[in-house]
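Everything on this sheet refers to the single structure shown next.
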Amino acid sequence: MTTTIPVEEDLLPSEADVRSYEEHGWYLSKKLFTDDEVDALVSASEAFYAGARDRRLGKRPSTLAYWEPSDGAVQRHNDYIHYESDPIAAILRKPIVGAVAARLARTDEIRLFQSTLIYKPPRPDEPSNLVPWHFDRHYWQTCTSDNMLTAFIPFHHCDEEMGTITMVDGSHRWKEIGGGDSTSRHFAHRDAAELDELLRENARYNGVELRTVPMVIPKGHMSFHHCRTYHGSGANRSSRPRRAISLHLQDGDNRYRRHLLSDGTPVTYNHEHFVRRAEDGMPDYSDPDFCPVLWTSNG
């Protein structure tokens, strides 16, 4: 039986905060992690980069983001960090994180969906440091939910100089045009100029002026954004690396669905290589090894 773990009520978003999230598509949290917990994330990430693994992914699909030292001083992305590193997973699974997400999404259960360890080196001219405008729902075509969200968790104070995550205010409420099959491909496999134009095209279609909001995130805090909120990030112009985790979260109602491209080709997500199968033979997005429950209001 799953038990409800009490959390500090004063750390949860208020009703006004939730309404603001619903209007703007993003939320800056209160301090959810202690300094010691954040420092532990830094130490555990360094151990991971040095080769420490508590378990290893059984496959390396071509779409998996998985930096290795041979890749050099580019922006590092390592998917499924919550699966391969127990020290990192223990902190990410702190109940308050799921409780905040549940309050924002107005849902009774939050499960982890995916997580990516990110390291943006202090190299302003490095092209990989620039993350073009995109929204996460495009990559989750095999999900039934439109209520998913992402937490961005820096391991330090994070501001514009470090290339913090930046939101396009209110964009989660736009009607979308110009998507097509290509939107299911990750931004790393698409032309940045094309993605920038897609954003501008959608803003024009919705009759709105683009308003971007760089998230200034104090140490121990994190940002949350809706799965349809456009976001990106700029160069790291500081003297130290920008370290973070992108923690993707799903509400308890989310399930796998088959989604086809216009030519009949099924869309695949990396989970299809890893998660267990449900009774109907489809990928199980509630697999406790890869998609554990972070918070439930039910005893």
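One table, with the values for the structure above:
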| quantity | calculated |
| --- | --- |
| Sorted by Cβ neighbour density within 10 Å, fewest at the top, the residues HIS259, HIS231 | HIS259, HIS231 |
| Loop-located trypsin sites (Lys or Arg not before Pro) in segment 110-177 whose Cβ has at most 13 other Cβ within 10 Å (DSSP) | LYS175 |
| Förster radius 51 Å - calculated FRET efficiency between ASP125 and LEU261, Cβ distance, rounded to 0.05 | 0.90 |
| Contour excess over end-to-end distance, with Cα ends at ALA16 and TYR49 and 0.36 nm allotted per residue | 7.8 nm |
| Local electrostatic count at TYR119 - Lys and Arg +1, Asp and Glu -1, tallied over other residues with Cβ under 12 Å | +3 |
| Loop-located trypsin sites (Lys or Arg not before Pro) in segment 216-249, at most 12 other Cβ atoms within 10 Å (DSSP) | none |
| Unsatisfied cross-links (Cα-Cα over 21 Å) in the set LYS31/LYS120; LYS120/LYS175; LYS30/LYS219; LYS94/LYS219; LYS59/LYS94 | LYS31/LYS120; LYS120/LYS175; LYS59/LYS94 |
| Residues SER128, SER43, SER171, SER145, sorted so that the one with the fewest Cβ neighbours within 10 Å comes first | SER43, SER128, SER145, SER171 |
| Protection proxy ranking, peptides 249-256, 119-126, average beta carbon neighbours within 10 Å, highest first | 249-256, 119-126 |
| Dipole magnitude of segment 19-296 about its Cα centre (Cβ charges: Lys, Arg +1; Asp, Glu -1), debye to nearest 20 | 220 debye |
| GluC sites (Glu not before Pro), loop per DSSP, at most 10 other Cβ atoms within 10 Å - longest free stretch of the chain | 1-208 |
| TRP26, TRP67 arranged by Cβ crowding within 10 Å, fewest neighbours leading | TRP67, TRP26 |
| In order through segment 197-213: 3J(HN,Hα) via Karplus (6.51 cos²θ - 1.76 cosθ + 1.60), integer Hz, x for Gly, Pro | 5, 4, 4, 5, 5, 5, 5, 4, 4, 8, x, 10, 8, 5, 10, 9, 10 |
| Hydrodynamic radius of the chain per Kirkwood, over alpha carbon pairs, in Å | 19.6 Å |
| Sparse-neighbourhood loop sites, trypsin sites (Lys or Arg not before Pro) in segment 11-46 - DSSP loop, at most 14 other Cβ within 10 angstrom | LYS31 |
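Laboratory data are not the source of any read-out in this text; all were calculated from the coordinates shown. Note that the structure is predicted; figures quoted are calculated from it, not measured. Cβ: placed from backbone, ideal geometry, glycine included. Neighbour counts: every protein chain shown.
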